[in-house]
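The values are calculated or read from the model by the stated rules, or taken from the named source; none is laboratory data. Since the structure is predicted, the reported quantities are computational estimates derived from the model, not experimental observations. Please note: Cβ atoms are built from the backbone with ideal geometry, for glycine as well, and neighbour counts cover all protein chains shown. Areas reflect the complete protein model, heavy atoms only, side chains present, ligands, DNA and RNA absent. Shrake-Rupley method; radii C 1.70, N 1.55, O 1.52, S 1.80 Å.
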Amino acid sequence: MSFASFGEFLAMGNHGPYVWSAYGISLLVLALNVVLPILARRRYLQDEARRLRREEAK
Amino acid sequence: MNWTWFHKWGSPKWFYEMSGRWLPWLAVAAVLLLAVGLVWGLAYAPPEKYQGNSYRIIYIHVPAAFLAQSCYLMMAIAGAVGLIWKMKLADVALQQAAPIGAWMCFIALVTGAIWGKPTWGTYWIWDARLTSMLILLFLYFGIIALGNAISNRDSAAKACAVLALVGAVNIPIIQKSVEWWNTLHQPATFKITGKASMNAEMWLPLLIMVLGFYCFFGAVLLMRMRLEVLRREARARWVKDEVAGLVKAGSK
């Protein structure tokens, strides 16, 4: 561990705002890249389910 | 030489089945590598002599920049394969990789800017490395826009493949920019020959993060490609069965 305390870890030797904003934005972008395709797949399957039900009703 | 492995890529069904098997492994590897790399890089790696702790930003900046360039090269290769062999899957890979590459390029630029403020005293300068990376981002935007603008799928595939191939000229320019011009950006930390200009306690977590980003890219790309294959092959018997199965499993 290169930090003596959790407070020091958060402070990052006065570079805290830079380090944490960089990591925060990056992790947000990575999460977005995972969540968007999952939502798109779910939406596609819901549309397909609706279409299949309509076809069955005919 | 046996070319059956290559011909298999011509079958969307084979790709769909195989990628379903690879995806969980890639996802698990990505999560593990990124978790280990993040904790190691943020908390355990020693501070840098001159930059203090701000240098820890490289643990996301460098992997994202690597990936932004590798992704573009992969798209150029996919473009060539698509143009030469008319392989449909190559176009699926090209189109689906573009947004991921653009996001990686965005991460590299933003984290670089944030790191630049305490280190160089400025968020942005028109330096050769920074400018060529910005051009890469615009190339990604161009490919995404071109793919969306042309409604005929074959024409769109051809146009995107050509743009991916032509734009690949930018990749060696990014690579060599720090040697060809006087730039503020430092030269490469890793070299294929010779010693890394960093000690192992610092570059080991970086290597883990790079591997983690590549696995992440692989997993997200497969996720996106699998959905696109289902969409494009919607008329095929196997896709109808697969979608019906997924719908049934989802409604339970």
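Listed here are the residues, each with its yes/no results for (1) part of a helix (DSSP H, G or I); (2) open to solvent by 40 Å² or more (accessible area, probe 1.4 Å); (3) of a type in the set (S, T, N, Q).
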site: B:P99; (1), (2), (3): yes, no, no
site: B:P118; (1), (2), (3): yes, yes, no
site: B:L139; (1), (2), (3): yes, no, no
site: B:L165; (1), (2), (3): yes, yes, no
site: B:I171; (1), (2), (3): yes, no, no
site: B:Q186; (1), (2), (3): no, yes, yes
* Structure fact -> Counting only residues in segment B:59-91 that are more than 12 Å from chain A (Cβ to nearest Cβ) and of a type in the set (F, W, Y), the one least open to solvent (accessible area, probe 1.4 Å) is identified as B:Y72
* Structure fact -> Here the residues within segment B:43-53 that are more than 19 Å from B:A113 (Cβ to Cβ) and buried (at least 20 other Cβ atoms within 10 Å of the Cβ) are B:A45
* Residues in segment B:1-12: is at least one open to solvent by 50 Å² or more (accessible area, probe 1.4 Å), touching a helix residue (DSSP H, G or I) at 6+ places or on another chain (Cβ under 8 Å) and more than 14 Å from every other protein chain (Cβ to nearest Cβ)? -> yes
* Hits in segment A:7-44 (condition: facing chain B (nearest Cβ under 7 Å) and charged (D, E, K, R)) -> A:R41
* Does segment B:72-91 contain at least one residue that is farther than 21 Å from B:V239 by Cβ and in contact with a Pro (Cβ under 8 Å, 6 or more places away or on another chain)? -> no
* Can you name the condition, by its number, that B:V169 falls short on among (1) at pLDDT 90 or above; (2) in contact with an Asp or Glu (Cβ under 9 Å, 6 or more places away or on another chain)? -> (2)
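Given the residues B:M209, B:M202, which is the only one that is within 12 Å of another protein chain (Cβ to nearest Cβ), under 19 Å from the mean Cα position of the chain (by Cα) and either part of a helix (DSSP H, G or I) or aliphatic (A, V, I, L, M) (or both)? I'd like the intermediate steps shown before the answer.
Details: B:M202 fails: under 19 Å from the mean Cα position of the chain (by Cα).
Unique residue meeting the criteria: B:M209.
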* To do: Return a yes/no flag: does segment B:24-39 have any residue that is closer than 16 Å to B:V210 by Cα, facing chain A (nearest Cβ under 10 Å) and of a type outside the set (A, V, I, L, M, F, W, C).
  => no
* **All positions within segment A:47-58 that are assigned to a helix (DSSP H, G or I) and more than 8 Å from every other protein chain (Cβ to nearest Cβ)** => A:D47, A:R50, A:R51, A:R53, A:R54, A:E55, A:E56, A:A57
* Which numbered condition B:R56 misses (of (1) in a helix (DSSP H, G or I); (2) open to solvent by 30 Å² or more (accessible area, probe 1.4 Å)) -> (2)
* To do: With the condition kept exactly as written, say whether any residue in segment B:229-238 is among the β-branched types (V, I, T) and either open to solvent by 20 Å² or more (accessible area, probe 1.4 Å) or touching a Lys or Arg at 6+ places or on another chain (Cβ under 6 Å) (or both).
  => no
* So, in segment B:94-130, of the ones that are in contact (Cβ under 8 Å) with a residue 12 or more places away in the chain and away from every other protein chain (no Cβ under 14 Å), which residue ends up farthest from the chain's Cα centre (by Cα)? -> B:I125
* Which of (1) within 14 Å of chain A (Cβ to nearest Cβ); (2) surrounded by fewer than 14 Cβ atoms within 10 Å (Cβ to Cβ) is the odd one out, the single condition B:S151 does not satisfy? -> (1)
